[in-house]
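Working notes, structure below.
The values are calculated or read from the model by the stated rules, or taken from the named source; none is laboratory data. Keep in mind that this is a model prediction, so the values were computed, not measured. Counting neighbours? That spans all protein chains shown, and the Cβs are built from the backbone with ideal geometry, glycine included. Just the protein is used for accessible areas: all its heavy atoms, side chains included, with ligands, DNA and RNA removed. Shrake-Rupley method; radii C 1.70, N 1.55, O 1.52, S 1.80 Å.
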Amino acid sequence: MALCSIFCPLIPLRFRSKPISPFLSKPLFSLSFRVYSSQQPSPSTKDELGTVSIGFLGLGIMGSPMAQNLIKAGCDVTVWNRTKSKCDPLIGLGAKYKSSPEEVTAACDLTFAMLADPESAIDVACGKNGAVSGISSGKGYVDVSTVDAASSMLISKQIKDTGALFLEAPVSGSKKPAEDGQLIFLTAGDKLLYEKAAPFLDIMGKSRFYLGEVGNGAAMKLVVNMIMGSMMASFAEGILLSEKVGLDPNVLVEVVSQGAINAPMYSLKGPSMIKSVYPTAFPLKHQQKDMRLALGLAESVSQSTPIAAAANELYKVAKSYGLSDEDFSAVIEALKAAKSQKA
């Protein structure tokens, strides 16, 4: 298999040793940052949470449980989704509904957005009847989507041009952590908005990191997902190799789960992978999108990523077999197909 990298146009990265300014400055994107992480929940009470009106845009696999946790915590939540029917369960829990992102940001103090890809994130924020059209000075926009740095900075500029504050906060975690309020937020942007949003991030997640300038949160998420995607591809190879040499792959999963290389996703997804069942927690199409964006990030700084490039090719093959909406563990099917072609 040829190793190849997918090019994604990004604003060049520059490294520097001086402290990060809280404002965007000339280099527009730097990987230098200070990290702030939460170890304790914010002191806000349920009554205090209810005084801030919260908007939530995008109610897919991740957005819906995140918004639901905010509602259950007593927050005043207004929701929007392209498919209105996805809003109905949350409306039943007490959420309000608006018919456009513009109306949500106009009505709310703080708006979260969880969209599937950079194109959707930009359109919902900056397109016709988008969030930018309704937001104004004193309000905040927190984009928790996984996008590339260039897209995040584009959204940030348009939001900040209105006088509002912007925070990128992509999450590490999938469907179950979202349901359980155990996500990890990788934030960057306006420090004041980070502090204001902290109580709500703590409802939806178990930890949060402040990484400095806009772009750093996006970069961190892409690196994390690049590692995860490569790990899953390697795990899939191991399962198939164990079967090929006559070993019980279920025992392999147990051995791995007790060793130094253990990761929760192995014991969680291994048994279903062995049965060729892939219940969707993180769609394969999103994993491949993140691999593509990560390879673009690496290309922008001339960093070699041959393992990730090879893994990305497997995800692309799996997509070509119609597995886009299956869990990303379905990448094993690309390896099965390669094995059958050689047989």
If I ask for residues that are open to solvent by 10 Å² or more (accessible area, probe 1.4 Å), assigned to a strand (DSSP E or B) and more than 20 Å from Q287 (Cβ to Cβ), which ones from region 140-175 would you list? L165
Output the residue which, of all residues in region 51-79 that are in a loop (DSSP other than H, G, I, E, B) and within 17 Å of T105 (Cα to Cα), is modelled with the lowest pLDDT. T51
Might you let me know whether region 260-271 holds any residue that is touching a strand residue (DSSP E or B) at 6+ places or on another chain (Cβ under 9 Å), within 23 Å of I61 (Cα to Cα) and assigned to a helix (DSSP H, G or I)? yes
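Can you tell me which of I239, I261 is free of Cβ contacts under 8 Å to residues at least 12 places away in the same chain and more than 27 Å from E119 (Cα to Cα)? Outline the logic, then answer.
On the way: I239 fails: free of Cβ contacts under 8 Å to residues at least 12 places away in the same chain.
Only one candidate passes the filter, namely I261.
Residue-by-condition table, conditions (1) of a type in the set (A, V, I, L, M, F, W, C); (2) farther than 30 Å from D327 by Cα:
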residue	(1), (2)
D117	no, no
A121	yes, no
I135	yes, yes
S145	no, no
K157	no, yes
D161	no, yes
S172	no, no
A197	yes, yes
Taking S302 as meeting all but one of (1) at positive phi; (2) crowded, with 20+ Cβ neighbours inside 10 Å, write down the number of the exception. (2)
Would you be able to tell me the number of residues in region 76-96 that are buried (at least 18 other Cβ atoms within 10 Å of the Cβ) and either of a type in the set (A, V, I, L, M) or farther than 22 Å from P65 by Cβ (or both)? 4
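Condition check: in contact with a Phe, Trp or Tyr (Cβ under 9 Å, 6 or more places away or on another chain), at negative phi and in a helix (DSSP H, G or I). Does Y278 satisfy that?
Working: in contact with a Phe, Trp or Tyr (Cβ under 9 Å, 6 or more places away or on another chain): yes; at negative phi: yes; in a helix (DSSP H, G or I): no.
Answer is no for this residue.
Taking the residues in region 312-339 that are of a type in the set (S, T, Y) and assigned to a helix (DSSP H, G or I) as candidates, determine which candidate is most open to solvent (accessible area, probe 1.4 Å). Walk me through how you get there before you give the answer.
Our first condition is that a residue be of a type in the set (S, T, Y); within region 312-339, this holds for 315, 320-321, 324, 329.
Then keep just the ones that are assigned to a helix (DSSP H, G or I); that gives 315, 320, 329.
Values: Y315: 0, S320: 87, S329: 2 Å².
Filtering region 312-339 for residues that are of a type in the set (S, T, Y) and assigned to a helix (DSSP H, G or I), the one most open to solvent (accessible area, probe 1.4 Å) comes out as S320.
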Cβ pairs under 6 Å, 6+ apart or interchain, first in region 103-130 and under 20 Å from P283 (Cβ atoms) and surrounded by fewer than 19 Cβ atoms within 10 Å (Cβ to Cβ), second charged (D, E, K, R) and at pLDDT 95 or above, ordered by first then second residue, are D117/K289
Inspect region 67-79 for any residue being closer than 30 Å to G296 by Cβ and among the β-branched types (V, I, T) and give the result as yes or no. no
In this structure, is S99 among the hydroxyl-bearing types (S, T, Y), outside any helix (DSSP H, G or I) and open to solvent by 20 Å² or more (accessible area, probe 1.4 Å)? yes
Could you go through region 283-297 and let me know if any residue there is open to solvent by 50 Å² or more (accessible area, probe 1.4 Å) and either closer than 16 Å to A236 by Cα or more than 19 Å from the chain's Cα centre (by Cα) (or both). no
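Scanning region 177-194 for residues that are within 20 Å of M220 (Cα to Cα) and of a type in the set (D, E, K, R), which turns out surrounded by the fewest Cβ atoms within 10 Å (Cβ to Cβ)? Working first, answer last.
First pass over region 177-194, keeping only residues within 20 Å of M220 (Cα to Cα): 177-178, 182-191, 193-194.
If we keep only those that are of a type in the set (D, E, K, R) as well, we get 190-191.
Values: D190: 24, K191: 17.
Filtering region 177-194 for residues that are within 20 Å of M220 (Cα to Cα) and of a type in the set (D, E, K, R), the one surrounded by the fewest Cβ atoms within 10 Å (Cβ to Cβ) comes out as K191.
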